[in-house]
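This report refers to the structure that appears directly beneath it.
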């Protein structure tokens, strides 16, 4: 007996050690700690029956086995006399009527009585739906919720829930801060890294159902036969998890790998080449999702090179994949060097094309008009293309939000965009309703998020980056979830259910987005970061050949004031929004410098002048990060030492860099305001010149 | 009681799962399986006492705690009434006399009686020596050896046992096949990845005591103040494990980051710049090891640009670091485009400089005269510089030996070189004795190995790559160990002590080096791989601007025969060896085509002609890989499924590529021999033209 106890103690140590491997993300399945809850779960789940034998149902069995054995600390038998019954609707004739609520991906989790026994049923119309239900059920246990009386119907609001990987064929990840690409193209298709399976599993657990494997700055080589074999191998791994693969298509591929002399979308040879290519792809990958295209943007080739429109280009590709059920996602991220205001250009180019795209084309719109800044007004295009299904593009990788080292929980940013009202069809024409297709009755709907993962052991580099991957999956499935709900789910699954842990970490996470806005770009400042790598502050930047690549283009600080006049006295970009929206943006000081050039001395609602408010906000950002540090310090001993130390070091970097942003930006803007810092202001520890001289030739991701 | 048992069973599952994480390399510390042996270990080790409180002794405590708790499945108390006593010699007055056997790094493990109790003592003159002893003691248990009656003295033969990292500041690893660099320069010095500690720990466990952190194709930026802070942070992590850091120095750094107009080693400003830089480095890193330099080679700057010699350059740097005990490792890997035979050049340039280097300079010589080929004759320089301590350079990363996907155990290659006799001081002037300093009474001695590790989860990509990291450490410590002994140690620590596992895997490993020689470059062929990435066969390669970059330069096949005449009728490179060595190389058919151009029809010892023997050897190589596959298949169920499948997939790639090498090379050489393949020969599945057209634009490591 004594030996058994010491063995137990030892194994607990080992278990504890292994639980620190952050590779397992939010699917840790560590034992339920609350004894009463554990007992009740064990009473509810005495045996499991899974009907069906598809690869997806095998995944269901494996996940339930691992999950329940881990969570309930006891092996759960899989047999017919089950209290947990899992399978598609045909396995449960009594539930036939509920089929119509569930669609092709939704699920039902129901506490009911069958054959006189109290049972829990997880069912759906498809195997994939069952898998989603199983992950949801396990999440209930992971997050210490009751499973005694369930009647949960959950159906995704958005059809396409994708990760976009900006991964090059040499495994370099553009804007990647978590190592190199997961896809080892060189050893594919013969070597299947276990990461590929785990990637699919983690995605499925949060409802992500597709992946664009390669960078939008695309390389045509991915479309050659040798690489399509590699893509097919990944598709085979992903398929049981309900994940489809998509590819970024280089518009000029017919020339680069097809031997043609043009890529003109109206040229017959070009059209035939793409049709042949689609046929070749679908022969290898029958459920291939389709193409993502960045065209005529930042040097990428596109239809405009041949005097054609984006619609001509997109439709040509759409025709090629239509026979197989494929789609085209055509990006609206364009900005011509000659345009008067980069803000306006996506709208100017794409709004007139509304209604001119094939049915299987989606126009993919970044959440804001510029480029994934800490805070942007929603893109005006989101309220301007009623006849076109729009795919909303978010960025998980924190290109402009602290990159690999800042704790920034992005769900509040996502929610701010989704909840914004475009007024396109009157009040309550939210971005969420635009994107989920309900506003304009589109059959296609989707959210794409630029992935933040790589081959680092814990996938995202920063442990808290995992929360953003988690959040975009959950929000794409159900945009009614709050940032707080999602944070709480993730914390409980990742760190455990201790109330102090949950409340403290949640507080840090929920404060973090406003913090980064404040210490980088308060009051509507934007695009004032370092050139190229986008690391650190450089509001003085003014040496790039294109005006709209330079920070000074965006903040327009001078001795009179600061901000970009986008009202009628300026570029009038505001006109791209409905009147109700214009009014809001002009009233909401969060967006002040996005739309107006204001004098340094102008009083704001706080009673502070613009200059004082700028100082106040920058300091508030720094203070919030310091408060996050204090909160974290109080968790010592409640979290395994390795994670505790890692996050502590990262928060210290964040605090240092927040201070750097504040000091460098305020010192620079002070050269225009010519006003002193308020008395309570912490003095900069370097001069403006010193900040200007910092250089980071090997900053990652560029 | 029943609950406890089910808990136990569950935890065993968890334990089993976690043990599959190949991140833990050979330090798995899984429980001893043999009950009798476990009982005897437990009887021997009831409690541990560790004397001393340095950071190194803290590491000793932690390692013994984790190791013994894991291996013996029971918590071992650390207290004074110990049966395992650990500390430096002053803790054991009775053992004072044994101090002189141990040097600064050696250790003693002794079963003895103290205060009337039977105890095991692990001791050394230094804390570092104790740590090595502790790792050795744990290895005895891991490999199921008796610990009842020990009297082990182990002292390293070689002083400097280094890994050279060819890692760039952007984390790209030249010739790296295991992800990107471990060193995240961007987040250093503020973020200390737990990998850094684990790296030091694994190195210490096999006796490695230094690391050159950056690529020999060096970037001067590593010597700037910001980067030296980062280097110092790593040095601080490594120090308790006895690992010193070294840096590759770019010879032109005084110009690139120092603002000078010359890097002439005899220029006073240049000398002062390096002296100042050394002072700056040692202020941050008091135990900094020194510089590694690649000069006037493959485009790197060097003293010859100023009409100075390698000795001038090396001595200038040596003077800069001498006051602090630093050294300079100056690479002899040079080949001038004008030389008649690349083979001869390192000797021609460096042999005349013997005796002209400072005492703290080592000349670093690759094991062969060309460049890490599957088999090379030992470098003639290894027998030609008696007055200079030579550092032997091996390559762990398999640039020319299958890169990331071939199972090639390199200890037989290392041993072949170390055992070679240079006859420099008559018989038994082996390379081993040259390198360990005993032949010429050098105080400095060293082996450097180009690392094969990166940020992939399991460090080396291929699980069996771990064995090469392990082997170089063990061999550098003790070059009398056999390849077989080292393989057996590693297998037992990595896969367990099952006799079938050990014998099967050992058979595979020991056959693997001869296999790769046979399926790539049999009979002394060399340098016939693809250009740039060095992946796959390309004996036809002939389009590079320098003759000695092209495969045809090396094999010299024509209708008369094949091979490079390096005898007196050719380039006479053989003259760089002693007469006894010349004779051996001419007699040993393993080196045939390294030294002679022979006719296709010439009979060899086997009775086969050269052409027949070439066909025979290529086929033998392929057959060996297939036999490795069969052996592995028999281990199914004895190894966790993940590793089993991974190695199975990799062996399939190796078999495919071995066949590719054989077919492509034989088809190509057949165009000269104009002879048929022997009847029993497997027909190539592609034409020579098809092989020639293969292209791999994104092959890794280039």
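Just a few scattered comments:
- Cut-off 13 Å, label 7 Å out along Cα→Cβ of residue A:558, residues of the range A:570-590 by amide N: A:570
- The range A:318-342-the range A:83-157 distance, computed between alpha-carbon centres (Å): 39 Å
- Working ranking of peptides B:418-430, B:72-84, A:373-385 by packing, defined as the average number of other Cβ atoms within 10 Å per residue, highest first, is A:373-385, B:418-430, B:72-84.
- Global geometry of chain B, whether rounded, prolate or oblate, following the gyration tensor of its Cα atoms and the 1.5 cut on a/c: oblate
- Contact order normalised by residue count of chain A, Cα under 8 Å, 6+ apart, percent: 11 percent
- Distance between the pseudo-spin-label points of residue A:140 and residue A:425 (7 Å out from Cα toward the beta carbon): 3.4 nm.
- Neighbouring Cβ atoms from other chains, within 10 Å of the Cβ of residues in A:392-405, number 1 on average.
- Shape call, the range B:517-693: gyration tensor on alpha carbons, a/c limit 1.5: prolate
- Estimated FRET transfer efficiency (residue A:298, residue A:356; beta-carbon r; R0 25 Å; 0.05): 0.60
- Extension gain (nm, one decimal) between residue A:485 and residue A:58, 0.36 nm per residue minus Cα-Cα: 150.7 nm
- Most to least packed among B:401-410, B:561-570 [average Cβ atoms within 10 Å]: B:401-410, B:561-570
- Beta bridges per DSSP, both residues in chain B: antiparallel share near 30 percent.
- Pairwise FRET efficiency - residue B:340 versus residue A:79, Cβ, R0 = 51 Å, nearest 0.05: 0.05
- Estimated FRET transfer efficiency when R0 is 41 angstrom, pair residue B:305-residue B:686 (beta carbons, to 0.05): 0.30
- Cα shape, the range A:608-702, gyration tensor, a/c 1.5 rule: oblate
- With the highest mean first, a sort of the peptides B:589-597, A:327-335, A:254-262, A:144-152 on other beta-carbon atoms found within 10 angstrom per residue produces A:327-335, B:589-597, A:254-262, A:144-152.
Laboratory data are not the source of any read-out in this text; all were calculated from the coordinates shown. Computed from a predicted model, the values in this text were never measured in an experiment. Please note: Cβ atoms are built from the backbone with ideal geometry, for glycine as well, and neighbour counts cover all protein chains shown.
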